[in-house]
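Shown next, in structure tokens, is the structure this report addresses.
The values are calculated or read from the model by the stated rules, or taken from the named source; none is laboratory data. Since we're looking at a predicted model, the values are computed, not measured. Cβ placement follows ideal geometry from the backbone for every residue including glycine, while neighbour counts extend to all protein chains displayed. With ligands, DNA and RNA removed, areas are computed over all heavy atoms of the protein, side chains included. Shrake-Rupley method; radii C 1.70, N 1.55, O 1.52, S 1.80 Å.
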Amino acid sequence: MILQSRIRILKDFPASNGPVAYWMSRDQRSEDNWALLYAQETAIERGQPLCVIFSLRDEFLGAAMRQYTFMLRGLEETSGTLERKGIPFFLLRGKAEEEIPRFVEKQNVGVLVTDFDPLRIKREWKEKVAQRIRIPFFEVDAHNIVACWQASDKKEYGAYTIRPKINRLLPEFMEEFPELGGHPIPWPHEAPEINWQDVRRSLKADSSVGKVSWLKPGASAGSGMLRDFIENRLAVYKEARNDPTSKAQSNLSPYLHFGQLSAQRVALEIMKSSAPRAAKDAFLEELIIRRELADNLCFYEPRYDSVEGFPEWARKTLNDHRMDPRPYLYSIEEFEQARTHDELWNAAQIQMAAKGKMHGYMRMYWAKKILEWSESAQEALRTAVYLNDKYELDGRDPSGYAGIAWSIGGLHDRAWGERPVSGKIRYLSYEGCKRKFDVDTYVNICFGEANALNM
Ligand code: FAD
Ligand code: FO1
């Protein structure tokens, strides 16, 4: 039932008799989840019970309470849905590389399945787990429509090189999902009750970054946001998506980042909708090509979050302009407190700090100005990743590392006319924004939102 090309073997070992466990990490949902469907298919074939495990880590890449609250609410909903299908959900605390092998041992797990994630931290966890277990260990790409390693076997130059590769494979991968059925073989004993309140209280995370209330977390809310987008905003997406005063963006990224919503489900519903063809194509280009290009970067470029991961031409031009005088220079604190000379930039920073989601167009302008107003590209990259991952709900994501490297380091882009400081990196200007949209309206929206959230 599951396309074999969505599955990779992380450890090839004779299966032993015992239950199947799905180590859920990136794709934190019960529906439309190829990794869970594969784990269930395997468990039924082997006449075994099935469980889901989640290894909860404190201080995950600097995540704050804002992101943990959104994620844990989603996991609470998912664990309830799973329990009702006879699939117990175990929440493990501490280091995955220790807790997962311990669980496998204690529960006599016969086969381990997990979902795909190209980030360094996840690959390290899985390598250590694979060394410590003596059962077969499979990884399923439940995040991308075309499995990352199928779309391409190397780091792609840009959307124009990966697009034909993905489009050729879409017909094979863009299939409907089977419904997740109740599991026919019961788990042999009661799974421990999880007190989610205690979990939230016991988490060590920066609580200075307030939780977000304008967006409800979880799989059901994610599906609701998708329906609302299709009905009310998709039609104008092509024209209005780059206008930060419009509400044309989907607001799906937090649900996609935490895997509370499947990108393949989004694509299937978008294609079925009656919206204009041009609007659907514009959206699918971002959702499929841009997003899968970001996974391709993190999967094939180990230095995806450093200057060494920038294209050669970009590293050269940034180096050529390393000694150029900066028109303005700000510390990470001044950036974080939105204390620059540019009210448009400050408004975008305030929007991200207050709402946990900066408008997509402004993220480009925001990062590019950090390059111009920092000592070096290295410093700018560090500042952008730090602020992005601290405040964005969808932070710590391949799309973030790719978006920041595109803005500061010309990744997946070409050289443009040479200028001081940023060299041939594509340049965005305040005047350019004024020509594109009503800057004053955007600034008022951001400060209005911040006041409403008493930032
Ligand atoms: P929509 O415009 O409705 O797009 C729908 C979906 O398409 C998004 O959810 C996302 O999955 C995908 N998508 C859209 N634009 C891009 C893009 N440029 N690259 C990759 N995928 C895209 N995205 C994150 O998920 N996390 C981040 O931390 C993040 N940081 C960024 C930082 C910078 C400097 C830049 C330039 C872009 C960043 N992006 C990031 C990509 C993009 O801005 C967001 O995905 C988008 O704004 C999310 O809002 P939305 O879902 O309403 O977008
Ligand atoms: N994944 C986990 O398996 N365990 C965690 O404790 C965890 C915490 C976490 C906090 C914030 C955040 O943005 C992501 C987090 N993730 C965690 C990973 C997430 O599920 C995604 O897989 C990656 O961040 C994107 O690839």
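Considering only Gln337, Ala354, Ala367, whose Cα is most displaced toward the positive end of the charge dipole of segment 331-396, charges sitting on Cβ of Lys, Arg (+1) and Asp, Glu (-1)? The one lying farthest along the dipole's positive direction is Ala354. Backbone amide hydrogens, once placed in the peptide plane, bring Trp23 within less than 5 Å of Ile53, Val113, Thr114, excluding anything fewer than 5 places away on its chain. Under the combined filter of DSSP loop state and at most 16 neighbouring Cβ atoms within 10 Å, segment 290-350 retains these trypsin sites (Lys or Arg not before Pro): Arg303, Arg322, Arg339. When the alpha carbon gyration tensor of segment 394-455 is reduced to an equivalent ellipsoid, the three semi-axes, largest first, read 28, 19, 9 Å. Scanning residues 5 or more positions from Asp58 or on other chains, those with amide H under 5 Å from its amide H are Gly94, with H placed 1.01 Å from N in the peptide plane.
Using a 1.4 angstrom probe with every protein chain in place, what is the largest-first accessible-area order of Glu343, Glu269, Glu156?
Glu343, Glu269, Glu156
Using θ = phi - 60° in the Karplus curve 6.51 cos²θ - 1.76 cosθ + 1.60, the 3J(HN,Hα) couplings for segment 296-313 round to 4, 4, 5, 6, 10, 10, x, 9, 5, 10, 9, 4, 4, x, 6, x, 3, 4 Hz; x is entered for Gly and Pro. Each listed q (0.15, 0.25, 0.27 Å⁻¹) maps to a log10 I(q)/I(0) for segment 1-80, found by the Debye formula over equal Cα scatterers with no solvent: -0.66, -1.29, -1.40. Converting phi to 3J(HN,Hα) with the Karplus coefficients 6.51, -1.76 and 1.60 and the offset θ = phi - 60°, segment 265-271 yields 4, 4, 4, 4, 6, 4, 5 Hz in sequence order, with x at every glycine or proline.
Volume of the convex hull of the chain (Cα atoms only), normalised per residue: 140 Å³. Shape call for segment 305-453 from the C-alpha gyration tensor, a ≥ b ≥ c root eigenvalues: rounded (a/c under 1.5), prolate (a/b greater than b/c) or oblate? Judged from the Cα gyration tensor, segment 305-453 comes out prolate (a/c at least 1.5, a/b above b/c). Sum up the charges of everything whose Cβ sits under 11 Å from the Cβ of Gly94, counting Lys and Arg as +1 and Asp and Glu as -1, but leave Gly94 out. For residues surrounding Gly94, the net value is 0. Of the residues Leu226, Asn242, Val209, the one whose Cα sits farthest toward the positive end of the charge dipole of segment 192-335, with +1 on the Cβ of Lys and Arg and -1 on the Cβ of Asp and Glu, is Leu226.
Evaluating 6.51 cos²θ - 1.76 cosθ + 1.60 at θ = phi - 60° for every residue in segment 107-122, the Karplus couplings come out as 9, 6, 4, x, 9, 10, 10, 9, 9, 7, 8, x, 5, 3, 4, 6 Hz, glycine and proline recorded as x. Quick check on segment 134-239: take the gyration tensor over C-alpha atoms, sort the square-rooted eigenvalues as a ≥ b ≥ c, and tell me if it's rounded (a/c under 1.5), prolate or oblate. Here segment 134-239 falls in the oblate category.
Charging the Cβ of each Asp and Glu at -1 and of each Lys and Arg at +1, and nothing else, the dipole of the chain about its Cα centre rounds to 320 debye. With all protein chains in place and ligands, DNA and RNA left out, the 1.4 Å accessible area ranks Glu292, Glu124, Glu179 as Glu179, Glu124, Glu292, largest first.
The dipole here belongs to segment 269-368: it is taken about the Cα centre, uses +1 on the Cβ of Lys and Arg and -1 on the Cβ of Asp and Glu, and is about 260 debye.
The local environment of Pro398, defined by Cβ-Cβ distances under 15 Å, has a net charge of -4 under the rule Lys, Arg +1 and Asp, Glu -1. Rg then Dmax, both in Å and based on the Cα atoms of segment 244-313: 15.0, 44. Within the shell defined by Cβ-Cβ distances under 14 Å, the residues around Ser246 carry a net charge of +2, with Lys and Arg each +1 and Asp and Glu each -1. Partner aspartates and glutamates whose Cα lies under 15 Å from the Cα of Lys11, excluding those fewer than 8 positions away in the same chain, are identified as Glu97, Asp115, Glu124, Glu127, Glu139. Does anything in segment 266-300 have its amide N under 18 Å from the 7 Å Cα→Cβ label point of Lys436, and if so which residues? Answer for segment 266-300: 282-283, 285-287, 290-291. For segment 59-196, what percent of Cα pairs sit more than 20 Å apart? Percent of Cα pairs beyond 20 Å in segment 59-196: 63.
Please sort by residue number the GluC sites (Glu not before Pro) in segment 13-69 whose DSSP state is loop and whose Cβ has at most 14 other Cβ atoms within 10 Å.
On the way: sites: Glu31, Glu41, Glu45, Glu59; in loops: Glu31, Glu59.
Qualifying residues, ordered by number: Glu59.
Using heavy atoms of the protein chains and a probe of 1.4 Å, the accessible area assigned to Tyr391 is about 30 Å².
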